[in-house]
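Notes to accompany the following structure.
The values are calculated or read from the model by the stated rules, or taken from the named source; none is laboratory data. Keep in mind that what you see is a predicted model, and the values were worked out from it rather than measured. Cβ placement follows ideal geometry from the backbone for every residue including glycine, while neighbour counts extend to all protein chains displayed. Accessible surface is based on the protein model in full, side chains and every heavy atom, while ligands, DNA and RNA are left aside. Shrake-Rupley method; radii C 1.70, N 1.55, O 1.52, S 1.80 Å.
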Amino acid sequence: YSEGLASWIAGVPWIYTKKNMNWGGDSKNGWALRSFFASKILVQNTDMFKFFPNKNKVHLVPRGVDTQVFKPRSKCEKIIDKYDLGVNEKIIMTVSNLIPVKNIEFLIEAFDFMLKSNSNLRLIIVGDINNEYGKKLVSDTYKKYDNQKIIFTGKVLNVHEYLSIADIFVLPTNEVGEGCPVALLEALATGLVVIGSDVPGIKDILSPFKFNLFTQGDKTDLINKLNFHLNNQNIQMIKKQIHHVYNNYSIEVETYRHQKIYQSLLEN
């Protein structure tokens, strides 16, 4: 909060963005001071408004994605060959930082249950595993489950190519919630069916597609939604998802929203 204090003393407008759902605890006083010194506070989902008593300072500015990169495209053959994926296999994918809040264990458990009735599935988990939690997750997964069916790719730079081979994208974040998950937006823009837990951040993005929200912690609900979409292709819904991102979550829309706030401070 020293940056906010210095700006306040100098009489220079200062803006900060709340990027996650962490609040209280040891950082409570720091957040209170930042809120006091800030000229404007930008939040990335509607649940974040509850953190700030002075709503006049707070503006909703969700994240944006580059729709020139993340868009419908043909399946990337080099990735299909790399992981020896079968022509008829259905690919369930998640892309995330491998940290506890992402709740990847929950998705793995649901996937393993689904394999009992459908062996024609693969789960691909894209994200950096070079941390204590990530290494333990990989080790525990391969001890308990079929390591031919679950793939950890590690960190990759060509996420758009990985998304091209997927059939369904899942973000199973736990009850803490997200700020505004970019991986979810990238999957939507790519034209994937997207399923997410009904928690802050995710439920804002998927508000027009409530059927694709599953009750956090309810494995049966997640499995039912996965099975439904694996067996039913809804082209119209996918088109609506793509337009939803283009109209509300593109990088151009995010930029415009920032510009309007900066301009309002300059005019004052």
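Per-atom-type breakdown for the chain gives carbon and sulfur 50% of the accessible area (1.4 Å probe, protein chains only).
First select every other residue whose beta carbon is under 12 angstrom from the beta carbon of Asp66; then total the charges, Lys and Arg +1, Asp and Glu -1. If you can, show how the numbers build up before the last one.
Numbers: positive: Arg63, Lys71; negative: Glu186, Glu252, Glu254.
Here the count lands on -1.
Each of Glu89 and Ile9 was given a label point 7 Å from its Cα along the Cα-to-Cβ line. The distance between the two points is 6.0 nm. Taking the alpha-carbon centroid of each part, what is the distance from the range 25-48 to the range 238-258 in angstrom? So the two Cα centres are separated by 25 Å.
Taking amide H as placed 1.01 Å from N in the peptide plane, the amide H of Val193 sits under 5 Å from that of Phe169, each at least 5 places away or on another chain.
Taking label points 7 Å from Cα along the Cα-to-Cβ direction, Tyr133 and Asn231 give a separation of 3.5 nm. With 31 Å as the limit on Cα-Cα distance, the pairs of Lys50/Lys136; Lys55/Lys155; Lys71/Lys260; Lys18/Lys149; Lys90/Lys240 that go past it are Lys50/Lys136; Lys55/Lys155; Lys18/Lys149.
Of all the C-alpha pairs in the range 125-268, what % are more than 19 Å from each other? Numbers along the way, then the final one.
Numbers: 6305 of 10296 pairs.
Above the 19 Å cut-off, the range 125-268 has 61 percent of its Cα pairs.
In order along the range 37-45, the phi-based Karplus estimate (6.51 cos²θ - 1.76 cosθ + 1.60, θ = phi - 60°) of 3J(HN,Hα) comes to 6, 5, 7, 9, 10, 9, 10, 9, 8 Hz; Gly and Pro are listed as x. Residues in the chain average 51 Å² of solvent-accessible surface per residue, probe 1.4 Å, ligands and nucleic acids excluded.
Only one item in (i) -0.23, -0.30, -1.54; (ii) -0.49, -0.61, -1.27; (iii) -0.28, -0.37, -1.34 matches log10 I(q)/I(0) by the Debye sum over Cα atoms at q = 0.07, 0.08, 0.17 Å⁻¹ derived from the coordinates shown, and that item is (iii).
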